[in-house]
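Each value in this text was obtained by applying a stated rule to the coordinates, not by laboratory testing. On a predicted model such as this, the values are computed, not experimentally measured, just so you know. Quick reminder, even Gly has a Cβ in these numbers, built from the backbone with ideal geometry, and neighbours come from all protein chains shown.
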Amino acid sequence: MKQLTLLTLFFSVCLHAAEKPNPAHFKVEVLTEGFVDPQEMVMLPDGRILICERTGKLRVWTPGSNQLTEGGFLKVAMKTGNTARECGFIGLTADPDFAKNHWIYCYYSLPEVSSHRLSRFTFKNDQLDPTSEKILLEVPSDREDSTCHEAGSLAFGPDGLLYLSTGDNTNPFSKPATPIEEEQKERDAQRSSSNSNDLRGKVLRIKVKPDGTYTTPEGNLFKPGTPNTRPEIYTMGLRNPYRITINQKTSTLYWSEVAPDKKPTGEEINQAKTAGYYGWPYVITDTKVFNDLAGTPFDPQNLKNNSKNNTGIRDLPVPRNPFHFYERSCSIIGGVYHKSDAENAFPEYYDNCLFFADWNRSWFKVIRMDDQENNVGVEDFTLNARFRKPIDILFNNGVMYVLEYGNGWYDVKDGRLLKVSYNTSFNQILEPDPKDDPRIAGMNKKMNGIKLMQATTCLSCHASQSKLVGPSFADITDKYGKDPLAVDKLFAKVRGGSVGTWGEQAMPAHILNTDDEVKEMVKAVLSTKREKGHTK
């Protein structure tokens, strides 16, 4: 029987490989654009799409219109210097029975209290009613010392249970790759992710009642009444589960987990058919184990949370391995596609495949799964289009919708909403980009360092002509270009990390490239010429 199963699987994979659809048959349409720091979207039963922007606005796209309207506003905590770096209106979904009750769920950062709030609102006549708020729960949030990783994704399962992802709310810029510095609580993810009595660094699962309160379902990680635990916890030991999705046929939870900048590291795609523990901040990917501050490797089979900041249990479960992992970047989960007979639906080739994207590199991939949702293999999902940092993905009637964040990090204003459909009559050709890559305008594109930078996360924080999180390359060239020791000086800053030269924002250490590769990238930066129309 086992041999037959393997043989069937082999022929299934070979058949799929032979039938892989032509990328030209996928049509990529821009439905609307002009979002400011968009975070998450949800499609309503009538086809309208709601999008939350980190700055507090709820935006509405209506089919047949390329215009965005404002559907409400939540007053939220916003980034100020290195405070509240990833706070705002960060999570959104709609009630499964929205057509009757008009309820939506919002996860946002309170402006005057250090916590995030999950609330239910009524949304009618394209407007959120602020007086209808029903507060479900609040998650404490430390906002000083450059803390980040707030996650905030919301999703309903087919059984009506509501899932919420929360990040470790920790400063990731300290020296060790794993944040376990107990003397500075903002740098200790043991107080959050691996704390069974804390809601951060988790995926929570609750059952919302009609009156706006909730209960915790059976099957969560800890039974109600278990000492030093929270019954809302479904999965724990997470770093930054930025996006989640639920397989609507099986209730299996999937999420993408953003990895640290320093070794050991690796992006994770995780799966939870049942409640479980996933190891942060003690382990990452399948075999990479961190050391304690004395240099002793943690033992995954015998993990103990002995941090003085831990208020939960001390003896931790054995962590699960990730469903898939790859080199450090920024993974964005999509969804499990199920074949559809709707017009222009994706082909059956992708039935039961889990889609995911990468925010830094703007590519898409799929994980092919068998009937038991085992990982059979990973393959590229190539489209004849260029993307601007996909940040959320959903499927509806066999068609994929992509929310793009836009080029930059904060206060980005060129986010877009895209629709991707399939038909063999389509013939979408990848047109040359008339602007080339604006992030490297004015640079010597023949230099090897340019290609290296495009393959890393450098261009997520920097651009050649404009300040993003860090200074523009033109500004760096103005400051260091005539210094004969510039390459060595900048190499030291890039390799070891830096803060204070250009402001309060820390640049993490970059240790994923060789010394020679880092120096090639520095030389490419110093080749930058300031283009007309761009000033300091």
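Amide H contacts under 5 Å for G334: F355, F356, A357, restricted to partners 5 or more places along the chain or on a different chain, H placed in the peptide plane at 1.01 Å from N. Ranked from largest, the principal axis spans of the Cα set of the range 79-119 equal 43, 15, 9 Å.
Couplings 3J(HN,Hα) for the range 440-447, derived from phi with the Karplus relation 6.51 cos²θ - 1.76 cosθ + 1.60 (θ = phi - 60°), are 10, 4, x, 9, 7, 5, 7, 6 Hz, where x marks Gly and Pro. Residues whose amide H falls under 5 Å from that of T93, counting only those 5 or more places apart or on a different chain, are Y105, with hydrogens built in the peptide plane.
Neighbour counts of C-beta atoms inside 10 Å place C87, C461, C148 in the sequence C461, C148, C87, starting with the fewest. In this calculation the C-beta distance from T122 to T501 is compared with R0 = 45 Å, giving a FRET efficiency of 0.35.
Our estimate of slack between D351 and D292, defined as 0.36 nm per intervening residue step minus the Cα-Cα distance, is 16.9 nm. Computed from phi, the 3J(HN,Hα) profile of the range 350-366 under the Karplus parametrisation 6.51, -1.76, 1.60 (θ = phi - 60°) reads 9, 4, 6, 9, 8, 8, 8, 10, 10, 5, 5, 9, 6, 10, 10, 9, 10 Hz, with x in place of Gly and Pro. Against the empirical curve 2.2 N^0.38 Å, the C-alpha radius of gyration of the chain lands at a ratio of 0.96. Within a straight-line Cα-Cα reach of under 12 Å, K445 can be paired with the following aspartates and glutamates, leaving aside sequence neighbours fewer than 8 residues apart in one chain: D436, D437. From most to least packed by mean Cβ count within 10 Å, the peptides 353-366, 481-494 give 353-366, 481-494.
Only lysines eight or more places from K419 in sequence, or on another chain, were considered; those with a Cα closer than 26 Å are K20, K27, K57, K124, K249, K339, K365, K389, K435. For the range 311-373 and the range 66-121, what is the separation of their C-alpha centers, rounded to whole Å? Rounded to whole Å, the Cα centres lie 25 Å apart. Within the range 354-379, find all residues whose amide N lies under 12 Å from a label point positioned 7 Å from the Cα of A342 along Cα-to-beta-carbon. Within reach of a label on A342, which here means backbone N under 12 Å from a point 7 Å along Cα→Cβ, the range 354-379 contributes nothing. Taking every full run of DSSP H in the chain, the ones that stretch at least 18 Å from end to end by Cα along their long axis and average -1.0 or higher on the Kyte-Doolittle scale are 2-18. The H on the amide N of N171, modeled in the peptide plane, is under 5 Å from the matching H of C148, R187, D188, each at least 5 residues off or on a different chain.
Tell me, what does the Kirkwood hydrodynamic radius of the range 34-144 come to in angstroms if you use every pair of distinct C-alpha atoms?
Numbers: mean 1/r = 0.0702 Å⁻¹.
In the range 34-144 this quantity evaluates to 14.2 Å.
Coupling constants for the range 32-39 follow from the phi torsions by the Karplus curve (6.51 cos²θ - 1.76 cosθ + 1.60, θ = phi - 60°), and in residue order they are 6, 8, x, 6, 10, 6, x, 10 Hz; glycine and proline get x.
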